[in-house]
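Asks: Encoded as structure tokens, here's the structure I'll be asking about.
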Amino acid sequence: MDINWTSEQLEFLNCTAPLIRLRAFAGASKTTSLEGYSRKHNRLKYLYLAYNKAIRDEAKKRFPKNVVCATTHELAYKGYRAKYEHKLEGGLRLGDMAKVLNTNDWTVVRAVVDTLNNFLCSPLETFHESHLPMVKRMPGSQMPPSFIENVFKSAEYLWERMIDPEDTSVPLLHDGYLKMYLLSNPDLSRTYDVILADESQDLNGLTLALIKKQSCRKIFVGDRHQELYRFRGSDNALDDPDLDDAVDLRLTRSFRFGPATAALANIILSFKGETVPVIGAGARTKIRSTLDSDAKRPALLHRTVMGVILSALDYTAAGKKVFWIGKIDSYQISSIEDLYWFSEGRTDKVKNKRLLKEFSDWHQYLTIAEETKDREMVRAIKIINAYDDLEARLRQMRAMTVNEEDKADIILATAHRSKGLEFDNVALMDDFPDPLDPQMDHGSREDELNLLYVAATRAKYQLAVNQVVIGLMREHAYKVKMAAKQAQGV
Ligand SMILES: Nc1ncnc2c1ncn2[C@@H]1O[C@H](COP(=O)(O)OP(=O)(O)OP(=O)(O)O)[C@@H](O)[C@H]1O
């Protein structure tokens, strides 16, 4: 590698401690540095654990042969594939689980499914109070003991059926075989000398426990400000007390963007109490309230899937070709098409027949959405209610979707999906909530600031900020002014 390494990078490359924590800001050469490390210490065998398949595939292209790149799920799945392939699914459907549990109390069903999902992501071997979700805006642990007992019993019942290969009524989830893998105490140190845990801030308790158990060298890499999946059971593994013994190193120079974006990132992070500054060592990024009209192929980053779909419907209706980060179908468009026909009573047009088995009619769908506040269901209802000509718009949207980024007029993504990517020109859309809202709880505020930081650090040349970011800039300027006045004793 022909790189003029910075002093921060060199410190990492020369570190051979058994436990290393490398904190790297957005675009601060994390992957380049890991690659440099595995080339420098090239007699060692490495396992690079990627957060998702896209990151794994990128890593496979970059890392040398002494590095095996895998997702944790992939690592675990090998041992369970033959036994469970036929009953593997992405999630538990509330309607199906209600049938298995023989109840139509949707509050209970929701609580049981959430408890089971939380159990799957946690390192604990048995169900515990910490797995209970919020129930009717109240911590589950404050619900009556009989309710809690019932939820635990039912969640345990579903778990037993989930791991029974013969039982196809309760599917095995991806986190289910990962849980079984961890409970089997695998020894990765027999095969690898070093584990590189990328995006460590997003590791859930289960994966963190798996890595911590290994006796080989462990390098945890990440950025606590890019933690985006707290809701999936992760809680900033980089700050785990067991990592207090690690050698702490940093990468603060971002080569993606220039000083203006770095200054903006520092403003956003100041609201989280960060005091170490990001340094913008890349090309000069221009910051605007709207993108210049000649800004080519802008990436429009949204807070919500609903925002992405609404933009897609509007832009394609105006004749623009769109490219979806993560492919169109991962935005649940086909379920919206199905639900549209379902809401019209045209069950013959519904492609996924499960929908017809799960709900007797549209009215029942609306009732269950109202009772469970299920995000997917609520989102679908909003979109269906938003347009009179939805069918024609959905058709146009599919027709104007392109599969290659360079054929598009516009790139669409959520901020979540933009993580790890970079674009020449980026616009932050107006569906982000305001982290200055006093009604927002602390955890949500941190999540929203993280998302804004991730989204704002994707642009190389031009970034259009939204009203929420402008609000943060104003508030920051005001705070700086007040602090200066105070210092002068005014
Ligand atoms: N010492 C250096 N001098 C100049 N450029 C560098 C140096 N180190 C890395 N870079 C460049 O910085 C860019 C970003 O590096 P890299 O892809 O490793 O970032 P990253 O931290 O993995 O990004 P992200 O985490 O946001 O995906 C690359 O183009 C890389 O070649």
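The values are calculated or read from the model by the stated rules, or taken from the named source; none is laboratory data. The model shown is predicted, which means the values in this text are computed figures rather than measured ones. Neighbour counts are summed over all protein chains in view; Cβ atoms, including those assigned to glycine, are modelled from backbone coordinates with ideal geometry.
Asks: Just to confirm my filter: which helices (runs of 4 or more DSSP H) fall fully inside region 74-132 and include at least 2 residues that are under 25 Å from the mean Cα position of the chain (by Cα)? Before you say what the answer is, go through the steps one by one.
Replies: Details: elements: 81-84, 94-101, 106-121.
By residue number, 106-121.
Asks: Identify the residue in region 309-348 that is within 24 Å of GLU89 (Cβ to Cβ) and touching a Phe, Trp or Tyr at 6+ places or on another chain (Cβ under 8 Å) and, among all such residues, is surrounded by the fewest Cβ atoms within 10 Å (Cβ to Cβ).
Replies: SER330
Asks: Take the residues of region 34-56 that are in a loop (DSSP other than H, G, I, E, B) and in contact (Cβ under 8 Å) with a residue 60 or more places away in the chain: which is farthest from the ligand (Cβ to nearest atom)?
Replies: Step one: of region 34-56, the residues in a loop (DSSP other than H, G, I, E, B) are 41-45, 51-52.
Filter once more, so that each one left must be in contact (Cβ under 8 Å) with a residue 60 or more places away in the chain: 41, 44-45, 51.
On the way: HIS41: 18, LEU44: 20, LYS45: 22, TYR51: 11 Å.
Applying the filter and picking the extreme gives LYS45.
Asks: Mind listing just one residue for me: the one in region 259-282 that is exposed (fewer than 14 other Cβ atoms within 10 Å of the Cβ) and not hydroxyl-bearing (Ser, Thr, Tyr) and, of those, nearest to the ligand (Cβ to nearest atom)? Spell out how you get there, then give the answer.
Replies: Within region 259-282, the first condition is being exposed (fewer than 14 other Cβ atoms within 10 Å of the Cβ), and the residues that meet it are 273, 275-276.
If we keep only those that are not hydroxyl-bearing (Ser, Thr, Tyr) as well, we get 273, 276.
Working: GLY273: 22, VAL276: 16 Å.
The qualifying residue nearest to the ligand (Cβ to nearest atom) is VAL276.
Asks: In region 151-176, which residues are part of a helix (DSSP H, G or I) and over 14 Å from GLY91 (Cβ atoms)? Explain how you work it out, then say what you get.
Replies: Here is the first cut: in region 151-176, the ones part of a helix (DSSP H, G or I) are 151-162, 174-176.
Selection gives VAL151, PHE152, LYS153, SER154, ALA155, GLU156, TYR157, TRP159, GLU160, ARG161.
Asks: If you don't mind, there's one more thing I want to ask. What residue, among those in region 334-357 that are of a type outside the set (Gly, Ala, Ser) and in a loop (DSSP other than H, G, I, E, B), is farthest from ASP389 (Cα to Cα)?
Replies: Of the residues in region 334-357, the ones of a type outside the set (Gly, Ala, Ser) are 336-342, 344, 346-357.
Next, only the ones that are in a loop (DSSP other than H, G, I, E, B) stay: 344, 346, 350-353.
Numbers: GLU344: 12, ARG346: 16, VAL350: 18, LYS351: 20, ASN352: 22, LYS353: 24 Å.
Among residues in region 334-357 that are of a type outside the set (Gly, Ala, Ser) and in a loop (DSSP other than H, G, I, E, B), the one farthest from ASP389 (Cα to Cα) is LYS353.
Asks: While we're on this one: Report, ordered by the first and then the second residue, all pairs with beta carbons closer than 6 Å, sequence separation of six or more or different chains, a first member in region 255-268 that is under 8 Å from GLY280 (Cα atoms) and of a type outside the set (Val, Ile, Thr), and a second member that is modelled with pLDDT of 95 or more and more than 16 Å from the ligand (Cβ to nearest atom).
Replies: ALA260/ILE287
Asks: Would you point out which residue out of ALA70, ALA59 is assigned to a strand (DSSP E or B), of a type outside the set (S, T, N, Q), touching a helix residue (DSSP H, G or I) at 6+ places or on another chain (Cβ under 9 Å) and within 29 Å of GLU35 (Cα to Cα)?
Replies: Details: ALA59 fails: assigned to a strand (DSSP E or B).
None of the others qualify; the one that does is ALA70.
Asks: Which residues, counting only those in region 2-21, are part of a loop (DSSP other than H, G, I, E, B) and either within 9 Å of the ligand (Cβ to nearest atom) or of a type in the set (D, E, K, R) (or both)? Give the derivation first.
Replies: So in region 2-21, the residues part of a loop (DSSP other than H, G, I, E, B) come out as 2-6, 14-18.
ASP2, ILE3, ASN4, TRP5, THR6 - these are the residues of region 2-21 that are part of a loop (DSSP other than H, G, I, E, B) and either within 9 Å of the ligand (Cβ to nearest atom) or of a type in the set (D, E, K, R) (or both).
Asks: If I ask for residues that are within 16 Å of the ligand (Cβ to nearest atom) and either at pLDDT below 95 or in a strand (DSSP E or B) (or both), which ones from region 233-256 would you list? Outline the logic, then answer.
Replies: Taking region 233-256 and keeping what is within 16 Å of the ligand (Cβ to nearest atom), we get 238, 249-256.
The answer is LEU238, LEU249, ARG250, LEU251, ARG253, SER254, PHE255, ARG256.
Asks: Kindly provide the set of residues from region 358-380 that are part of a helix (DSSP H, G or I), touching a residue at least 40 places away in the same chain (Cβ under 8 Å) and within 27 Å of the chain's Cα centre (by Cα), ordered by number. Steps first, please.
Replies: First pass over region 358-380, keeping only residues part of a helix (DSSP H, G or I): 358, 362-372, 375-380.
The next check asks that each one be touching a residue at least 40 places away in the same chain (Cβ under 8 Å); those that pass are 358, 368, 371-372, 376, 379-380.
ILE368, GLU371, THR372, GLU376, ARG379, ALA380, listed by residue number.
Asks: Pick from GLN462, GLN467, GLN488: which is at pLDDT below 95, polar (S, T, N, Q) and away from the ligand (no atom under 16 Å from the Cβ)? Spell out the reasoning first.
Replies: Values: GLN462 fails: at pLDDT below 95; GLN467 fails: at pLDDT below 95.
Sole residue among the options that is at pLDDT below 95, polar (S, T, N, Q) and away from the ligand (no atom under 16 Å from the Cβ): GLN488.
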